[in-house]
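The values are calculated or read from the model by the stated rules, or taken from the named source; none is laboratory data. In this text the structure is predicted, and so the values were computed from the model without any measurement. All Cβ positions, glycine included, derive from the backbone under ideal geometry; neighbour counts span all protein chains shown.
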Amino acid sequence: MRRGSVLQLLGIAVLAAAIASLFAIFIGWLPDPASEEAKRIHFVYWFTTVICIAVFSVVAAVLAYSVVKFRAGPDDDSDGPPIHGHTKLEIVWTAIPAVLVTAISIVSAIVLAQNGKAGANPLVVKVTAVQFAWRFTYPNGKSFGVLTLPKGRHVKLDITSNDVIHSFWSPELSQKQDAVPGQHNMLVVTPSRTGTFPVICTELCGLGHALMRSHVTVMTAGGFDTWLKSGGRAGGGAPGLAVFQQNGCGGCHTFKPANATGKVGPDLDNLKEEAAKANRGPLDKFVEESIVKPEAYIAPGYTDAMPHIFGSQIPPDKLKQLVQYLSRGAK
Amino acid sequence: MTVHEVQHEHAPAPRATGLRRLLVPGWLRIFWVTPLFFGLGLGLPVLIRWLAHWDPVWKGSVLVSVELVTTPLGFLVGLGGFDYWVRYASGRPTLPEDHSGHGAHSWRDYFRINTDHKVIGIQYVVTTIFFFCVGGLLAMLFRAELAQPGDQFFNPQTFNVLVSNHAALMIFLFIIPAFAGLGNYVIPLMLGAADMAFPRLNALSFWLLPIAGLMLIVGMVTPGGGPSAGWTCYAPLCSHQPLGQVFFNMGVQWAGASSIMTALNFLVTIITMRAPGMTFWRMPLLVWANFTTSLLVVIATPFIAGSQFFVMLDRVLHTNFFEAGGGGYVLGYQHIFWFYSHPAVYIMMLPGFGIISEVISVMSRKPIFGYRLMALSLMAILVLGFSVWAHHMFVAGMAGWLRVPMMVTSMVIAVPTGIKIFSWLATMWEGRIHFTTPMLFALGFLSMFVIGGLSGIYLASVPIDIHASDTYFIVAHIHYVLFGGSVFTIFAGIYYWFPKMTGRMYDERLGKLHFWLTFIGFNLTFFPMHFIGLQGMPRRVADYADRFADVNLFISIASFGLGASTLVFLFNMVRSWAHGAPAPGNPWRALTLEWQVSSPPPVFNFDEIPQVVGNPYEYGVPGAKHAIFGAPTPAPVPAD
């Protein structure tokens, strides 16, 4: 190879690397990290990105150079030089990628080990997924439909599911874990800044999957203690609303008082009209039956898609609150 | 043997007349045998349930499961897929081979059991392109839904059905069988063989394919709802889906059976039917690629068959393979599924590697750089491919210790893959590159597959995968490897062998237009998905957070452009097949054997058996030959 072509190749490679780097830096690829684990994951991400940009630039340079320089003329019937291989070169391009991926593996393994450490005294929160809602239960037995966490403390999420597989993820916290029925999976997060971030389900879990969303609110350590002692009043609202949220009713149903916009099942704002049409007794009886035994009456235009589990899943007192809440809110 | 006897043996059987026509294999027989088998599938379970006093006598899920075996079987019996074997097995004299099942003289010959590998190859390719179009249309339907957040056109059930079937059709009915089709056409020719080792099995394996495709499509419109648990069909969600799910479970079985039969056929053909002088180290890389792919198929595909049967049993017979409540092992499904479906990624990629090796070497007019290492890296991917399945399960909650070893093996696969990429680049270096349509697709593949490979490194790293798993980053990655990778190589292969298969040249200008529209549309559609994925948009959602609205609208518009680019391809193919300029035997001045015969080749491929004397890629080597015809060695007499 002539010196000129080496320089040209190098020039294209540097240009490609520069363009790729601009892409990498100026587009905000990752959300702002909100946990120690997320920061470490971001480090692995950038470590890998540097290596990938280097590899990409080399390939892009050789490709671009070849496309421009080795183009055959329209009537060129000649063949190229009969080069069959080059043992040293082949060893080089076997060895270098092997070294690079080993480096990424080592960094990844170290970060994985660190991200699994919960420390001596973690806060343990039980996470139960159901179609299509999250329930977060604290050591004092209180449970909520949204997650509240203290800043700067190791939190161990004990994740399970009551029906199918779901997956717990908050993009800002970065950590993700599937919720598997019959199995308790642990996930460690250490929130590093206060704020409210989305929690979503990332494993296809049925009709309401897209709307199986919640929030995680990170408070200061002091604020969190106060919140927990006060019985989690931050949730606020009618007691029925909490039941509504914990059981994920909003994943499928529209209900204005709860800001729910699901469209899988009937609109609960029209409950009164619906009850009249169904003609199955007074409103609250109809509502209760529809929750406990949804197959008893199916609104026209819908199928028997509602899970039959709520009768056993919701305790009687909570059920009463929910029925009251729905019947009052209905027009 | 006298001339008279030979003619008698090769003459087609006399045409049947009157009612006897109903007994001849073909569509007339299909029209009465299929309903007969349908009746059997209906009658037997009902009879058994009635005799055993089981309630209800009519049970939908049981009947559907049985029917999806018996009805297609009836179709195949009617078509004549088993005639020869039934005669043989029942001790009756088999029909003398009259070769009437070989070759195609009119379009009708494509709609019967045809034992000619060239006809079967074209049957495969045309059928798979049909399913490619159906799968693409489904994608555009749900991209329309995703153009805006909220519900527009489809309810979540329909949306999930569209997503699930888009993936299932593209994987099981397009990419995997499209490679089987191209291989079917090309490999016997490349080996210097007259046909595949088992022509009747070959014919049967093709006809399982439309059955599988039809099953998936009918499943979508089944009363009660179609399969909507994604193409991965995770238990226990899929065990509690509407009836359409059974169509999915069984459709995958038929496609898988077709795949296994073809792979066995390839293996035996490649091992036993190479022309004299064609040693393993003289085989074209496409043959090497199909050899390794077939090994993968034969070893891995039974696992997905198992996973789908278990799920179906859980559903129909209330077994508890994957039901936590009954003591089942929920994650067992994923282990079994990915033990097939990760090797399946290589089943969908290695034949493409083979195609690219052919195209790049021929179009650059240079020998393949590092031929032996290229073949060995295929074998390395084959072996490593079986040790990485659990990287799909880093967040699934499987045994914690399994994560780091699976990460390391996944990373190591980058090494043989890198060898291939660098060797292709080195093959082009100092070549005389001809930018024909197949070469453009090969270059498109090379650049896109590098991006897909690099995003694969991110996903192999457990911590990054924990963040990116089940988001649009995954969607972007798999489309860079399966569309930018596999589909580009399929297009390269179709354009490259189009002259050989049809005897006509395609329109080069339309081909280039197709490439550029696809290349640009592809990148505009899938590159932004990396971004929304890392930012927090999960995959398989009908509705999403408002902050992703702009990017999704952009992606949807780009995807319609990408879809429209296929019209250029279809138009080019149809018009060129009908009116294209006649193709010479060897338009690319290639050395491999399929180009040393006429386009299209004679019915039995070679008028005389070639003698292989050298390597297949000796471009630029003065006086080098891959094979010679009319060699002094006595050609073996083809067995009757």
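Among the candidates A:Thr94, A:Thr48, which residue alone is more than 20 Å from B:Lys366 (Cα to Cα) and modelled with pLDDT of 95 or more?
It is A:Thr48.
Cβ separations smaller than 7 Å between residues 6+ apart or across chains give the following pairs from segment A:6-34 residues that are within 14 Å of chain B (Cβ to nearest Cβ) to residues that are in a helix (DSSP H, G or I) and among the basic types (Lys, Arg): A:Pro33/A:Lys39.
Note on segment A:103-122: among residues that are over 30 Å from B:Val412 (Cα atoms) and surrounded by fewer than 17 Cβ atoms within 10 Å (Cβ to Cβ), the one that is nearest to the other protein chains (Cβ to nearest Cβ) is A:Gly119. Among the residues making up segment B:21-34, those that are in a helix (DSSP H, G or I) and either within 21 Å of B:Tyr84 (Cβ to Cβ) or at pLDDT 95 or above (or both) are B:Arg21, B:Leu22, B:Leu23, B:Trp27, B:Leu28, B:Arg29, B:Ile30, B:Trp32, B:Val33, B:Thr34.
Checking each residue of segment A:35-48 against the condition of being part of a helix (DSSP H, G or I), under 30 Å from B:Thr471 (Cα atoms), of a type in the set (Lys, Arg) and within 8 Å of chain B (Cβ to nearest Cβ) gives at least one match. Here A:Thr261, A:Thr226 are screened, and the one residue that is in contact with a strand residue (DSSP E or B) (Cβ under 7 Å, 6 or more places away or on another chain) and surrounded by fewer than 17 Cβ atoms within 10 Å (Cβ to Cβ) is A:Thr261.
Out of B:Ala180, B:Ala193, B:Ala229, B:Ala197, one residue alone is in contact (Cβ under 8 Å) with a residue 24 or more places away in the chain and within 14 Å of chain A (Cβ to nearest Cβ). It is B:Ala229.
Looking at B:Ile490, B:Ile478, can you tell me which residue is assigned by TED's automatic domain parsing to the domain that holds B:Met190 and closer than 24 Å to A:Ala210 by Cβ?
B:Ile478
One line per residue, one yes/no per condition, for (1) part of a loop (DSSP other than H, G, I, E, B); (2) within 14 Å of another protein chain (Cβ to nearest Cβ):
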residue	(1), (2)
A:Pro139	yes, no
A:Thr148	no, no
A:Arg153	yes, no
A:Asp158	no, yes
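Exactly one residue among B:Gly78, B:Gly74 is under 30 Å from B:Pro602 (Cα atoms) and either touching a residue at least 40 places away in the same chain (Cβ under 8 Å) or not in a helix (DSSP H, G or I) (or both), and that residue is B:Gly78.
Is it the case, given these coordinates, that B:Phe159 is buried (at least 24 other Cβ atoms within 10 Å of the Cβ), within 14 Å of another protein chain (Cβ to nearest Cβ) and more than 30 Å from B:Tyr110 (Cβ to Cβ)?
Details: buried (at least 24 other Cβ atoms within 10 Å of the Cβ): yes; within 14 Å of another protein chain (Cβ to nearest Cβ): yes; more than 30 Å from B:Tyr110 (Cβ to Cβ): yes.
Yes, satisfied.
A quick yes/no check of all residues on (1) of a type in the set (Val, Ile, Thr); (2) buried (at least 19 other Cβ atoms within 10 Å of the Cβ):
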site	(1), (2)
A:Arg3	no, no
A:Val14	yes, no
A:Ala20	no, no
A:Ala24	no, no
A:His42	no, yes
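For every residue, the table says whether it meets (1) in contact with a Leu (Cβ under 7 Å, 6 or more places away or on another chain); (2) more than 30 Å from B:Pro616 (Cα to Cα).
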residue: A:Tyr45; (1), (2): yes, yes
residue: A:Gly73; (1), (2): no, no
residue: A:Pro82; (1), (2): no, no
residue: A:Leu100; (1), (2): no, yes
residue: A:Ala103; (1), (2): no, yes
residue: A:Gln114; (1), (2): no, yes
residue: A:Pro122; (1), (2): no, yes
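For the structure I just gave you, tell me whether B:Pro236 is more than 16 Å from B:Ile176 (Cα to Cα), out of contact with any helix residue (DSSP H, G or I) (no Cβ under 6 Å at 6 or more places or on another chain) and of a type outside the set (Ser, Thr, Tyr). Spelling it out, B:Pro236 is indeed more than 16 Å from B:Ile176 (Cα to Cα), out of contact with any helix residue (DSSP H, G or I) (no Cβ under 6 Å at 6 or more places or on another chain) and of a type outside the set (Ser, Thr, Tyr).
Condition test on B:Met448, is it at the interface with chain A (Cβ under 10 Å from one of its Cβ atoms) and either buried (at least 22 other Cβ atoms within 10 Å of the Cβ) or not in a helix (DSSP H, G or I) (or both)? Spell out the reasoning first.
Details: at the interface with chain A (Cβ under 10 Å from one of its Cβ atoms): no; either buried (at least 22 other Cβ atoms within 10 Å of the Cβ) or not in a helix (DSSP H, G or I) (or both): yes.
Answer is no for this residue.
Starting from residues that are touching a Phe, Trp or Tyr at 6+ places or on another chain (Cβ under 8 Å) and modelled with pLDDT of 90 or more, keep the ones in segment B:607-625 and report whichever is nearest to B:Glu430 (Cα to Cα). The extreme case among them is B:Tyr617. A:Thr202: more than 8 Å from every other protein chain (Cβ to nearest Cβ), touching a Ser or Thr at 6+ places or on another chain (Cβ under 8 Å), over 13 Å from B:Gly397 (Cα atoms) and among the hydroxyl-bearing types (Ser, Thr, Tyr), yes or no? No; evaluated as a whole, the condition is false for this residue. Looking across segment A:257-294, the residues that are under 26 Å from B:Asp543 (Cβ atoms) and of a type in the set (Asp, Glu) come down to A:Asp267, A:Asp269, A:Glu273, A:Glu274.
Just one of B:Thr471, B:Thr427, B:Thr437 is buried (at least 23 other Cβ atoms within 10 Å of the Cβ) and either of a type in the set (D, E, K, R) or at the interface with chain A (Cβ under 8 Å from one of its Cβ atoms) (or both); which is it?
Sole residue among the options that is buried (at least 23 other Cβ atoms within 10 Å of the Cβ) and either of a type in the set (D, E, K, R) or at the interface with chain A (Cβ under 8 Å from one of its Cβ atoms) (or both): B:Thr471.
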